[in-house]
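A short write-up of the structure that comes next.
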Amino acid sequence: MAARTRGEKWIRLLRAYGPVADNEAMQAEHVDKLSYSLGIPKLAFGHPARKLLFDCFPLATGAFRNVVLTGTAGEGKTSLCFELVFHLTGNRAQGINGVEEVRVETPAGPRTLTLIYDVTAWRKRTDGHISEDDVALLERMARSSFEMGDNYFVLAVNDGQMHELFRALPPDAPELVRRLQSSLIDLHTRHECDSGKRLRLVNLSMVPCERIMELCLAAVLDRPEWACFQEEAGNPLFSPSFSLARNFRTLNTPEARTKLMTLARIADMTGHHLPIRGVLCMLSNALLGHPDAKDRVLRPGAEVNALAKAGSAHKAAFHRNLFGENLTATSRRKREIYRFLSMLHIGEETTNDLDELFVFGSRDEDLRPEYDELIAADPYQQRNPDFETVLRRYIRGDINTDDETRMFLSELSVERRRIFVQASAAQFHKYSLWKTTVFHHAREFLDEVVAPIEAGKAPARLHLRKLASGLNRIWTGLLLSDHANEVYLTTGLDLTTSAISDILLSQIELDSEPAGLEVVRKEVGSAPEVVLRANGREFRFALTLPRFEFLCRVADGAMPSSFSRDSCADFMSLKQRCLRDLKLRASTRSLQLIDVHGGGTIQRLPIHLVEQ
């Protein structure tokens, strides 16, 4: 068997990060072993939370802290622990059975640090509760956190596992352990870090997805091993005409990288979190995915030769692999990153202008310049060469069966995705390409609401009026003005928050001091908040992209319950909380009934319940 070239070893390592059967290599301890055996450095970058962890273990003073590292699976908890061990000792971490103990000399004396890398491997159960030994270790950690001592602990645990670990405590667990439980749960709930001077919670899920995407792109693309395209061009795997080279060139374009950064920002604004493992999986698959390969991901060897001869590189195009088209539906559902991308419905929404270019652009002289600029442009040969044939059959009416219709519509969606990925910023705006997704108003949200807030400015009044209009139409159930200057807080005749609520409780003015409706920044990497003020109180809710989209669609005329039952139920729940927090109730002496006039304005009709 011929020895692997350096380029093939690099692809073998990169493949291990993808959605393959042997992706246990994605676990830090396994990828370390694979990297060592191949002689190729693993993908690495400075984790944004690294300083928060390392600051807890200053070698110069020995003023250590106990640390709990939490977050969803794949956030880099184990890798950070490995880095910490190397930083403190100069040796590679061992991590036998998920636990390691190291001794460190400091000017203040020796320190013992116990690291629990894998709570599942470490934890033992007895009659449904964790073992006495586990409770004793947690007690030592609690004693170190709240009292004194030279023994310190690092506990790496997923969010859910942390709660599960403490729920599994026996009824007679020491009070100090219960105090540790309460402190950690409180820190996690409040998104805070420190409890006193000896305990820190580091929640890796608080790192913005946009930052994670930026670091992962650099880790994958800025590697010297990519010289394989020049140094090993004779290898079919690295041939300029094969899918890997095409996809690499596509991913290196500013357009593709900008789209990925934008999608990560969308994840932050929709309440999704994309862990490092998921982002690396997506990038690896975008480069190496191929529906005809074993595991549907390329592997160096004889298989590549057969795929290269088949001339099927377009089947593994970047815009197909990016959304996991090469994978099975089951494989996509198992991974949060693909569930998030599926939620966006990119390419699945029809747009008249874009679809007109697809169908008539090459045949209409007026449309031809735009067609050549946007549709025909295919510098990295990512387009399906058979699409034009299928399109001609559709135009001639030769597609008659349901299967053929589904195939055509599927290929049309793929073409929209290709344009979504490769379009420049100017083209994206000109052809309103966000309308090929479920979020038609994503551009306004990112550029005209989030961006000004992050710059310390308020969104334009136009957008505040649109939000007010959407709230009015949802919360009253009436077709009020599409650009309101006030928000009406109402209830129904049965004194509940019914679908039609025409009894006015309070009116919030956008121009009052302080402003009755305001959109403010919450924290870096998260959705902004809407603040409503009335009755000397305020009510806040997160303005996620789905909520912004729903408000805009309703303001533009969509019927709330018909457009999205889930979103409608969400806003009705928000209304109940708003009336409760602002302490608004109908008067027992008189009611103000509202009626809709032309143009969506209201007329107030007083109803007196008690005669003076």
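The values are calculated or read from the model by the stated rules, or taken from the named source; none is laboratory data. Being a predicted model, the structure only gives us computed values, none of them experimental. Cβ: placed from backbone, ideal geometry, glycine included. Neighbour counts: every protein chain shown. Protein only, heavy atoms only, side chains kept; ligands, DNA and RNA dropped before computing areas. Shrake-Rupley method; radii C 1.70, N 1.55, O 1.52, S 1.80 Å.
For this structure, a couple of remarks:
- Test: residue in the range 334-347 that is of a type in the set (S, T, N, Q) and in a loop (DSSP other than H, G, I, E, B): no
- Test: residue in the range 527-538 that is in contact with a His (Cβ under 7 Å, 6 or more places away or on another chain), surrounded by 18 or more Cβ atoms within 10 Å (Cβ to Cβ) and within 30 Å of Leu204 (Cα to Cα): no
- In this structure, Arg406 does satisfy being at pLDDT below 95 and in a helix (DSSP H, G or I).
- Among the conditions (1) crowded, with 20+ Cβ neighbours inside 10 Å; (2) within 26 Å of Ser243 (Cα to Cα), Ala306 misses just one, which is (1).
- Filtered residue count, the range 271-292, keeping only those that are within 22 Å of Val450 (Cβ to Cβ) and open to solvent by 20 Å² or more (accessible area, probe 1.4 Å): 3
- Residue within the range 263-282 that is polar (S, T, N, Q) and outside any loop (DSSP other than H, G, I, E, B) present: no
- Residue in the range 564-612 that is surrounded by the fewest Cβ atoms within 10 Å (Cβ to Cβ), counting only those that are modelled with pLDDT under 80 and part of a helix (DSSP H, G or I): Gly598
- Applying the condition of being touching a Leu at 6+ places or on another chain (Cβ under 7 Å) and in a loop (DSSP other than H, G, I, E, B) to the range 185-224 and asking which residue is surrounded by the most Cβ atoms within 10 Å (Cβ to Cβ) yields Ser195.
Here is a yes/no grid of residues against (1) within 26 Å of the chain's Cα centre (by Cα); (2) closer than 21 Å to Ser506 by Cβ; (3) hydroxyl-bearing (Ser, Thr, Tyr):
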{"position": "Gly557", "(1), (2), (3)": "no, no, no"}
{"position": "Ser562", "(1), (2), (3)": "no, no, yes"}
{"position": "Arg565", "(1), (2), (3)": "yes, no, no"}
{"position": "Arg577", "(1), (2), (3)": "no, yes, no"}
{"position": "Asp581", "(1), (2), (3)": "no, yes, no"}
{"position": "Leu591", "(1), (2), (3)": "no, yes, no"}
{"position": "Gly598", "(1), (2), (3)": "no, no, no"}
{"position": "Gln603", "(1), (2), (3)": "no, yes, no"}
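- Boolean, Ala558 is farther than 25 Å from Ala267 by Cβ, open to solvent by less than 80 Å² (accessible area, probe 1.4 Å) and part of a loop (DSSP other than H, G, I, E, B): no
- Just one of the listed residues (Ile419, Ile395) is at pLDDT 95 or above and not acidic (Asp, Glu), and it is Ile419.
- Candidates in the range 321-333 are the residues that are of a type outside the set (A, V, I, L, M) and either free of Cβ contacts under 8 Å to residues at least 60 places away in the same chain or touching a Pro at 6+ places or on another chain (Cβ under 8 Å) (or both); of these, the one that is most open to solvent (accessible area, probe 1.4 Å) is Arg333.
- Inside the range 118-139, residues that are under 37 Å from the mean Cα position of the chain (by Cα) and within 13 Å of Val177 (Cβ to Cβ) make up a count of 7.
Okay, residues lined up against (1) exposed (fewer than 13 other Cβ atoms within 10 Å of the Cβ); (2) at pLDDT below 95:
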site	(1), (2)
Glu365	yes, yes
Gln381	no, yes
Phe387	no, yes
Glu411	no, yes
Thr437	no, no
Ala442	no, no
Phe445	no, no
Ala455	yes, yes
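- Residue check for Thr126: open to solvent by less than 40 Å² (accessible area, probe 1.4 Å), without any contact (Cβ under 8 Å) to a residue 60 or more places away in the chain and of a type outside the set (D, E, K, R): no
- If you go through the range 71-120 and keep only what is among the small types (Gly, Ala, Ser), outside any loop (DSSP other than H, G, I, E, B) and touching a Ser or Thr at 6+ places or on another chain (Cβ under 9 Å), you end up with just Gly98.
- Test result for Val421, in contact with a Pro (Cβ under 7 Å, 6 or more places away or on another chain) and either farther than 30 Å from Gln603 by Cα or not β-branched (Val, Ile, Thr) (or both): no
- Test for Glu513: is it in a loop (DSSP other than H, G, I, E, B), open to solvent by 10 Å² or more (accessible area, probe 1.4 Å) and acidic (Asp, Glu): yes
- Out of Gly160, Gly149, sole residue that is closer than 21 Å to Cys81 by Cβ and in a loop (DSSP other than H, G, I, E, B): Gly149
- Ser432 meets all of the listed conditions (1) within 29 Å of Leu462 (Cα to Cα); (2) surrounded by 18 or more Cβ atoms within 10 Å (Cβ to Cβ) but one, namely (2).
- Residues (open to solvent by less than 60 Å² (accessible area, probe 1.4 Å), at pLDDT below 95 and either in a helix (DSSP H, G or I) or in contact with a His (Cβ under 7 Å, 6 or more places away or on another chain) (or both)) located in the range 31-67: Val31, Asp32, Leu34, Ser35, Leu38
- Condition met for Glu518 (among the charged types (D, E, K, R), touching a strand residue (DSSP E or B) at 6+ places or on another chain (Cβ under 6 Å) and surrounded by fewer than 18 Cβ atoms within 10 Å (Cβ to Cβ)): no
- Within the range 472-501, residues that are on the phi > 0 side of the Ramachandran plot and open to solvent by 10 Å² or more (accessible area, probe 1.4 Å) reach partners that are modelled with pLDDT under 85 and part of a loop (DSSP other than H, G, I, E, B) with beta carbons closer than 6 Å, at six or more positions or on different chains, in the pairs Gly477/Ala499; Gly477/Ile500; Leu495/Ala586.
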